[in-house]
Amino acid sequence: MKKHFVFILMIAAVHTGAAQFRNDNVLYKTVYLQELCKTLQENPGYTILDVRSKGEYEDTSSSATLNLGHIKGAMNININELPVRWKEISGMKDKPVFVYCTHSQRSRRASKLLADSGFTKIFNINSGLTGVVLLDEAQRECVRQMMETKNLYQLLSPADVCNKLQKNARGTFILDVRKDSAFRHISLNPKFNAYGHLKNAVNIPLADLEDKLNVVPKDKEIIVTDIFGDEAAKAGKLLREKGFEKVWVLMEGMDRLLYSDENNISCKSSVYVSPVKFKVMSSAEYGRYSKTAGKYLLLDLRTSEEFNNKFRDAFRNVGYLKNAVNIPAADIEARISEIESFKNGPVVLYAFSGAPEVYKTAELLTAKGFKQVNVLAGGIFNIRWTAANTKGMSHLHDLVTGVPKENY
């Protein structure tokens with residue numbers, strides 16, 4: 001299954017790298033995108049290093065959701081080649097080097113490698129190029145002027161989608177290109193079935209789009225969506241090539257919408273149509289919820305080995321959320337008597353990331369009569385990522401405990 005999770009690339013980066021965030025502002029400095037232009041001005045003579053693949057840099061990656069453009073003038077050295085090719089920039093050892101990728105996981109690995117190789121002024125750009133799209137209008141002007149792309153369509157953040165719909169809902173056509181089984185919530189994947197759509201969206205699967213272009217109006221603005229962004233990006237390219245001029249793509253699809261803080265998206269509750277009775281909450285939303293909800297059951301659905309930091313894949317040993325109770329997803333139905341006292345109270349489910357079994361468990365509990373079931377989008381991984389990469393979210397670090405030193 002291709003690219004069905006917004007942070008798959010990041011997870012792979014953790015798997016092949018060392019500690020996730022332990023070296024931040026120790027071996028290298030980190031800089032938020034909101035402060036990037038100012039920091040660049042304060043560090044003349046800098047080099048910007050893009051450590052993504054050549055295909056990503058040139059917007060030709062087969063994983064279309066990774067085609068995000070690049071910063072003008074950036075030097076491209078694939079992270080996999082950097083252990084040898086860092087010597088190409090050895091003359092910059094005592095000069096500023098700003099490193100970025102897609103989600104700022106590969107860039108952290110690269111920053112550590114450069115620090116270990118004697119570079120003294122390294123800056124990791126937090127959140128990577130996805131963060132550029134997510135900047136609000138007041139913050140984005142300078143950074144967006146630094147970007148260039150070969151993409152024929154424009155990328156939108158969830159907030160951008162809200163703004164477009166609020167300004168011109170009647171003149172906008174929302175095209176959802178996920179498979180019809182996922183759009184109708186009858187696929188074999190419980191996570192796909194739990195992902196809703198934008199209100200008034202018309203579903204034309206990507207595989208059928210070229211034969212059904214007559215359904216898509218040429219006189220309207222077109223917002224293309226899907227679940228995870230890859231199909232939507234390919235559809236956006238196809239539409240532009242077929243003569244549609246006003247084409248926008250929701251970056252990373254419904255996945256990005258659900259990962260986003262409802263406080264920053266004015267239409268999240270009114271435009272997003274959910275097919276399920278449980279709620280999917282973002283990391284920021286859970287951060288507030290944990291402070292105000294009172295008593296609730298926080299259920300960690302990972303295996304006991306993973307919960308206790310003894311999993312065979314060491315990169316998945318990242319502690320647990322404070323006050324969590326561990327019942328593996330595979331054991332929930334047999335152990336449901338242990339949590340029945342929360343049938344009428346709040347329950348929050350999570351795992352390492354956005355695993356389908358979390359959504360399957362949410363379905364099960366809802367069917368068993370649990371009234372207030374919530375799923376934490378992205379699990380503990382996204383709590384930690386958001387804390388490290390999103391300005392104003394560092395307090396989320398306090399929700400996690402028991403992280404082994406090697407994975408901090």
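The selection criterion, being modelled with pLDDT of 95 or more and open to solvent by less than 20 Å² (accessible area, probe 1.4 Å), holds for residue 131. When the range 85-104 is limited to residues that are of a type outside the set (Val, Ile, Thr) and open to solvent by less than 50 Å² (accessible area, probe 1.4 Å), the one that is farthest from residue 386 (Cα to Cα) turns out to be 92.
Of everything in the range 36-52 that's in a loop (DSSP other than H, G, I, E, B) and not basic (Lys, Arg), which residue is nearest to residue 105 (Cα to Cα)?
Within the range 36-52, the subset in a loop (DSSP other than H, G, I, E, B) is 42-46, 51-52.
When the remaining residues are screened for being not basic (Lys, Arg), the result is 42-46, 51.
Numbers: 42: 25, 43: 23, 44: 25, 45: 25, 46: 21, 51: 10 Å.
Only one residue tops the list, namely 51.
Considering only residues that are open to solvent by 30 Å² or more (accessible area, probe 1.4 Å) and not small (Gly, Ala, Ser), which ones fall in the range 152-166? Within the range 152-166, 152, 154, 155, 163, 164, 166 qualify. Of the residues making up the range 363-393, those that are over 21 Å from the mean Cα position of the chain (by Cα), of a type outside the set (S, T, N, Q) and in a helix (DSSP H, G or I) are 363, 364, 365, 367. Only residues that are aromatic (Phe, Trp, Tyr) and in contact with a Phe, Trp or Tyr (Cβ under 6 Å, 6 or more places away or on another chain) were counted across the range 47-79, and they come to 0.
Any chance you could count how many residues in the range 16-55 are open to solvent by less than 30 Å² (accessible area, probe 1.4 Å) and among the basic types (Lys, Arg)? Of the residues in that region, 1 qualify.
Restricting attention to the range 331-346, does a residue exist that is over 19 Å from residue 280 (Cα atoms), touching a residue at least 12 places away in the same chain (Cβ under 8 Å) and of a type outside the set (A, V, I, L, M)? Yes; the residues of the range 331-346 include at least one that is over 19 Å from residue 280 (Cα atoms), touching a residue at least 12 places away in the same chain (Cβ under 8 Å) and of a type outside the set (A, V, I, L, M). Of the residues in the range 291-299, at least one is more than 25 Å from the chain's Cα centre (by Cα), hydroxyl-bearing (Ser, Thr, Tyr), more than 21 Å from residue 408 (Cβ to Cβ) and open to solvent by 10 Å² or more (accessible area, probe 1.4 Å). Selection of helices (runs of 4 or more DSSP H) fully inside the range 123-240 by the criterion of at least 2 residues being in contact (Cβ under 8 Å) with a residue 60 or more places away in the chain and in contact with a Pro (Cβ under 7 Å, 6 or more places away or on another chain) returns 190-194. Among residues of the range 300-310 being closer than 11 Å to residue 404 by Cβ and free of Cβ contacts under 8 Å to residues at least 24 places away in the same chain, the one that is least open to solvent (accessible area, probe 1.4 Å) is 308.
For the structure I just gave you, tell me whether residue 188 is out of contact with any helix residue (DSSP H, G or I) (no Cβ under 7 Å at 6 or more places or on another chain) and among the aliphatic types (A, V, I, L, M).
Working: out of contact with any helix residue (DSSP H, G or I) (no Cβ under 7 Å at 6 or more places or on another chain): yes; among the aliphatic types (A, V, I, L, M): yes.
When the stated conditions are applied, residue 188 passes them.
Condition test on residue 343, is it touching a Gly at 6+ places or on another chain (Cβ under 7 Å), surrounded by fewer than 16 Cβ atoms within 10 Å (Cβ to Cβ), modelled with pLDDT of 95 or more and not polar (S, T, N, Q)? Yes.
For (1) of a type in the set (Asp, Glu); (2) within 22 Å of residue 277 (Cβ to Cβ); (3) touching a residue at least 12 places away in the same chain (Cβ under 8 Å); (4) open to solvent by 10 Å² or more (accessible area, probe 1.4 Å), each residue gets a yes or a no:
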{"position": "320", "(1), (2), (3), (4)": "no, no, yes, yes"}
{"position": "348", "(1), (2), (3), (4)": "no, yes, yes, no"}
{"position": "358", "(1), (2), (3), (4)": "no, yes, yes, no"}
{"position": "362", "(1), (2), (3), (4)": "no, yes, yes, no"}
{"position": "383", "(1), (2), (3), (4)": "no, no, yes, no"}
{"position": "395", "(1), (2), (3), (4)": "no, no, yes, yes"}
{"position": "404", "(1), (2), (3), (4)": "no, no, yes, yes"}
{"position": "407", "(1), (2), (3), (4)": "no, no, yes, yes"}
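Tell me whether the range 267-284 contains one or more residues that are open to solvent by less than 10 Å² (accessible area, probe 1.4 Å) and either in contact with a Lys or Arg (Cβ under 8 Å, 6 or more places away or on another chain) or part of a helix (DSSP H, G or I) (or both). Within the range 267-284, one or more residues are open to solvent by less than 10 Å² (accessible area, probe 1.4 Å) and either in contact with a Lys or Arg (Cβ under 8 Å, 6 or more places away or on another chain) or part of a helix (DSSP H, G or I) (or both).
For the range 65-84, how many residues meet the condition of being part of a helix (DSSP H, G or I) and open to solvent by 10 Å² or more (accessible area, probe 1.4 Å)?
Selection size over the range 65-84: 4.
The values are calculated or read from the model by the stated rules, or taken from the named source; none is laboratory data. Just so it is clear, the structure is predicted and the values come from calculations on it, not from any experiment. Methodologically, a virtual Cβ is constructed for each residue, glycine included, from the backbone with ideal geometry; neighbour enumeration extends over all protein chains shown. Ligands, DNA and RNA are stripped out before the accessible areas are found, and what is left, the full protein with its side chains, is counted by its heavy atoms. Shrake-Rupley method; radii C 1.70, N 1.55, O 1.52, S 1.80 Å.
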